[in-house]
Amino acid sequence: MFNSFKKSWQTDRILSSKEILKTRGMEIVEKLEKLTDHLEIIKDNNSDTAVDIYEKNKNVIIDLYGYYCKFTKLYIDFSFSQILVPVDEDTIRNMDIKYFVTELKKNFKNDYIITVINFKEEDKDAIESLYNGLIKNIDELANILIKIQSNIIINELSPINESVIIQKMTNILDYDILFKNYICIEENYNEYLDELHASKEIFK
């Protein structure tokens, strides 16, 4: 009974945190869309003003996309923690991991393409590096899922015996650790926005 209550309580905390992260992510996407629209308007303009706008928008887009990736990674980590801490065997056993990961990556690939669509080729590397880091995180978590699902399907044994995997999950998906990461990123993000407002480099 107590374990059931604890799991339910943690699930509520995770859902609440995910909702906050989702809202923050949508806010950043709105800013990115506006700045990307600005680049589209000036992409064929070679005036000094257009060049200046491009440079400012480009730098802000790179920074904002970096925070988008950080908040998104946290959202994914919280999602995985719902089924991995503690391990939800039924969910993992029946999960179509290939479809799940493919769809997840497809969404982030589209976001990446839209973000850099009006960038000059030589400026795309910074965004691509951030995007690849996000995909790497998804792959690492997917590999944990695959190993646990394999153990469940082949042996029908509790993956709790896989102490190394469980320890790794605890280290990266424990709620308290994730929440501390969220607070740190949120504080850095707000500080970044304050600096942008102060320097009048944020575009509305």
If the requirement is being closer than 21 Å to residue 180 by Cα and among the polar types (S, T, N, Q), which of these qualifies: 150, 79, 129? 79
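Out of 153, 172, report the one residue that is surrounded by fewer than 18 Cβ atoms within 10 Å (Cβ to Cβ), assigned to a helix (DSSP H, G or I) and at pLDDT below 80. It would help to see each step written out before you state the result.
Numbers: 172 fails: surrounded by fewer than 18 Cβ atoms within 10 Å (Cβ to Cβ).
Only one candidate passes the filter, namely 153.
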What number of residues within region 189-204 satisfy the criterion of being charged (D, E, K, R) and modelled with pLDDT of 60 or more? 4
If you check every pair at least six apart or on different chains, which have Cβ atoms under 7 Å apart with a residue in region 85-107 that is among the charged types (D, E, K, R) first and a residue that is at pLDDT 90 or above second? 105/135; 105/138
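Could you say whether any residue in region 130-146 is among the hydroxyl-bearing types (Ser, Thr, Tyr), outside any loop (DSSP other than H, G, I, E, B) and within 14 Å of the chain's Cα centre (by Cα)? Before you say what the answer is, go through the steps one by one.
Filtering region 130-146 for residues among the hydroxyl-bearing types (Ser, Thr, Tyr) gives 131.
This time we only want the ones that are outside any loop (DSSP other than H, G, I, E, B), so: 131.
Of the ones still in play, those that are also within 14 Å of the chain's Cα centre (by Cα) are 131.
For region 130-146, residues among the hydroxyl-bearing types (Ser, Thr, Tyr), outside any loop (DSSP other than H, G, I, E, B) and within 14 Å of the chain's Cα centre (by Cα): present.
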Pair list, Cβ < 8 Å and 6+ apart or interchain, from region 120-137 residues that are within 13 Å of residue 66 (Cβ to Cβ) to residues that are surrounded by fewer than 18 Cβ atoms within 10 Å (Cβ to Cβ) and among the hydroxyl-bearing types (Ser, Thr, Tyr): none
Any chance you could count how many residues in region 105-136 are surrounded by fewer than 17 Cβ atoms within 10 Å (Cβ to Cβ) and touching a Ser or Thr at 6+ places or on another chain (Cβ under 9 Å)? 2
Name the single residue that is farthest from residue 127 (Cα to Cα) among those in region 39-50 being modelled with pLDDT of 90 or more and surrounded by fewer than 17 Cβ atoms within 10 Å (Cβ to Cβ). 41
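The values are calculated or read from the model by the stated rules, or taken from the named source; none is laboratory data. What you see is a predicted model, and the numbers here were worked out from it, not measured in a lab. Note: ideal-geometry Cβ built from the backbone for every residue, glycine included; neighbour counts use all protein chains shown.
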